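The values are calculated or read from the model by the stated rules, or taken from the named source; none is laboratory data. All figures in this text were calculated on a predicted structure; none of them were measured in a lab. Here Cβ is always computed from backbone atoms with ideal geometry, including for glycine, and neighbour counts include all displayed protein chains. What goes into the accessible areas is simple: the full protein's heavy atoms, side chains included, and nothing from ligands, DNA or RNA. Shrake-Rupley method; radii C 1.70, N 1.55, O 1.52, S 1.80 Å.
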There are 2 protein chains.
Amino acid sequence: MNFYDKLKFTSDGLIPAIVQEQSTGRVLMMAWMNRASLEKTLETRKTHFWSRKRQKFWMKGEESGHTQTVKDVAFDCDGDTLLIQVEQNGAACHEGYKSCFFRSVEGDCSDFKVTEAQLKTAEEIYGKKS
Amino acid sequence: MNFYDKLKFTSDGLIPAIVQEQSTGRVLMMAWMNRASLEKTLETRKTHFWSRKRQKFWMKGEESGHTQTVKDVAFDCDGDTLLIQVEQNGAACHEGYKSCFFRSVEGDCSDFKVTEAQLKTAEEIYGKKS
């Protein structure tokens with residue numbers, strides 16, 4: 001059976017893709033793919049997504065150079081989520097952190113803390129203010 | 001600032017939550033939370049979700065006993081995805097696998113393979129056929 005037949009896309013034709021750094025196990029980001037971006041990801045072994053906000057097909061790192069090389073593509077029991085193992089070039093987060101998940105809730109649940117170092121500022125990455 | 005103010009829920013009041021096993025880095029599952037289930041998760045330190053299919057608030061493991069003890073709750077740069085570190089009791093997947101992501105795409109992209117052992121059958125977990 002073709003693996004695409006196991007996948008369930010939303011009514012908008014999208015599926016969420018969790019991106020994990022294979023070497024460290026670090027979860028880097030979550031973004032949405034449509035079928036075309038998934039096919040392009042498998043074909044080129046570079047992650048491609050669909051931006052819901054910009055309504056645009058994009059390759060991760062096309063502006064920043066922070067590309068992701070695909071090592072494995074898994075899908076869950078319901079076929080409605082992808083888990084992609086990658087080798088990350090530079091920072092995954094557009095705010096300059098390795099991972100987009102750089103903040104955690106503090107114990108009392110009313111505040112949060114930054115849990116990692118910023119590698120670059122958005123300005124350094126994109127040459128403009130964030 | 002209260003961390004809830006940093007979160008963006010969908011128009012349905014939901015936010016996707018990636019669940020990762022803290023000790024191994026293994027991504028176990030992805031499910032949806034509403035604000036009530038997130039509050040309950042933080043209060044009890046056991047994961048609670050919102051089932052879109054069943055339109056129901058549920059605690060992970062309430063039937064199977066396969067609960068998740070919460071170790072950390074992080075959120076991403078856009079505030080629209082959660083990453084929850086847990087200690088997993090038993091299998092996270094309702095199909096009896098440790099992780100819901102137990103299948104990966106094969107090299108030629110037309111097929112897939114099962115990448116891990118099934119710990120229990122659904123029948124063993126729930127006492128009924130899956």
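Is it fair to say B:Leu28 is aliphatic (A, V, I, L, M), within 17 Å of B:Lys71 (Cα to Cα) and outside any strand (DSSP E or B)? Break it down stepwise before answering.
Values: aliphatic (A, V, I, L, M): yes; within 17 Å of B:Lys71 (Cα to Cα): yes; outside any strand (DSSP E or B): no.
The answer is no for B:Leu28.
When residues of segment B:79-95 are filtered for being in contact with a strand residue (DSSP E or B) (Cβ under 7 Å, 6 or more places away or on another chain), more than 20 Å from A:Asp76 (Cβ to Cβ) and in a loop (DSSP other than H, G, I, E, B), how many remain?
Total meeting the criteria: 0.
What residue, of A:Ala17, A:Ala36, is open to solvent by less than 50 Å² (accessible area, probe 1.4 Å) and outside any loop (DSSP other than H, G, I, E, B)? Don't jump to the end; show me each part of the working.
Working: A:Ala36 fails: open to solvent by less than 50 Å² (accessible area, probe 1.4 Å).
Criteria check complete, one pass: A:Ala17.
When A:Lys120 is evaluated against the numbered criteria (1) surrounded by fewer than 18 Cβ atoms within 10 Å (Cβ to Cβ); (2) within 16 Å of the chain's Cα centre (by Cα); (3) of a type in the set (Lys, Arg), which criterion, by number, is the only one it fails?
The failed condition is (2).
Please specify each residue of segment B:20-33 satisfying the condition of being in contact (Cβ under 8 Å) with a residue 24 or more places away in the chain and open to solvent by 30 Å² or more (accessible area, probe 1.4 Å).
B:Gln22, B:Ser23, B:Arg26
Spot the failing condition for A:Cys77; the list is (1) under 24 Å from B:Lys53 (Cβ atoms); (2) out of contact with any Cys (no Cβ under 7 Å at 6 or more places or on another chain), and only one is missed.
Going through the list (1) under 24 Å from B:Lys53 (Cβ atoms); (2) out of contact with any Cys (no Cβ under 7 Å at 6 or more places or on another chain), A:Cys77 breaks only (2).
What's the total number of residues in segment A:41-58 that are in contact with a Phe, Trp or Tyr (Cβ under 8 Å, 6 or more places away or on another chain) and either without any contact (Cβ under 8 Å) to a residue 12 or more places away in the chain or within 21 Å of A:Ala91 (Cβ to Cβ) (or both)? Before you say what the answer is, go through the steps one by one.
At the first step, the residues of segment A:41-58 found to be in contact with a Phe, Trp or Tyr (Cβ under 8 Å, 6 or more places away or on another chain) are A:48-52, A:56-58.
From what's left, either without any contact (Cβ under 8 Å) to a residue 12 or more places away in the chain or within 21 Å of A:Ala91 (Cβ to Cβ) (or both): A:48-49, A:51, A:56, A:58.
Here the count works out to 5.
If you go through segment B:1-42 one residue at a time, how many are more than 10 Å from chain A (Cβ to nearest Cβ) and of a type in the set (Lys, Arg)?
3
Quick one: how many residues across segment A:54-78 are assigned to a loop (DSSP other than H, G, I, E, B) and more than 9 Å from chain B (Cβ to nearest Cβ)?
Looking only at segment A:54-78, we keep the residues that are assigned to a loop (DSSP other than H, G, I, E, B), and these are A:54-55, A:60-67, A:76-78.
In the following step, the residues that additionally are more than 9 Å from chain B (Cβ to nearest Cβ) were identified as A:54-55, A:60-67.
Looking only at that region, the number is 10.
Would it be correct to say that B:Ser51 is small (Gly, Ala, Ser), open to solvent by 10 Å² or more (accessible area, probe 1.4 Å), more than 7 Å from chain A (Cβ to nearest Cβ) and under 22 Å from A:Val19 (Cα atoms)? Spell out the reasoning first.
On the way: small (Gly, Ala, Ser): yes; open to solvent by 10 Å² or more (accessible area, probe 1.4 Å): yes; more than 7 Å from chain A (Cβ to nearest Cβ): yes; under 22 Å from A:Val19 (Cα atoms): no.
The answer is no for B:Ser51.
All but one of (1) in contact with a strand residue (DSSP E or B) (Cβ under 7 Å, 6 or more places away or on another chain); (2) open to solvent by 20 Å² or more (accessible area, probe 1.4 Å); (3) of a type in the set (Ser, Thr, Tyr) hold for B:Thr41, so report the exception by its number.
Against the list (1) in contact with a strand residue (DSSP E or B) (Cβ under 7 Å, 6 or more places away or on another chain); (2) open to solvent by 20 Å² or more (accessible area, probe 1.4 Å); (3) of a type in the set (Ser, Thr, Tyr), B:Thr41 comes up short only on (2).
Among the residues in segment A:103-113, are any modelled with pLDDT of 95 or more and outside any strand (DSSP E or B)?
Let us first name the residues in segment A:103-113 that are modelled with pLDDT of 95 or more, namely none.
No, every residue in segment A:103-113 fails to be modelled with pLDDT of 95 or more and outside any strand (DSSP E or B).
Does segment B:80-90 contain at least one residue that is open to solvent by less than 10 Å² (accessible area, probe 1.4 Å), at pLDDT 95 or above and in contact with a Ser or Thr (Cβ under 7 Å, 6 or more places away or on another chain)?
Yes: segment B:80-90 contains one or more residues that are open to solvent by less than 10 Å² (accessible area, probe 1.4 Å), at pLDDT 95 or above and in contact with a Ser or Thr (Cβ under 7 Å, 6 or more places away or on another chain).
Does segment A:79-114 hold any residues that are facing chain B (nearest Cβ under 7 Å), within 21 Å of A:Ile18 (Cα to Cα) and over 13 Å from the mean Cα position of the chain (by Cα), and which are they?
Of everything in segment A:79-114, those that are facing chain B (nearest Cβ under 7 Å), within 21 Å of A:Ile18 (Cα to Cα) and over 13 Å from the mean Cα position of the chain (by Cα) turn out to be A:Glu95, A:Arg103, A:Ser104, A:Val105.
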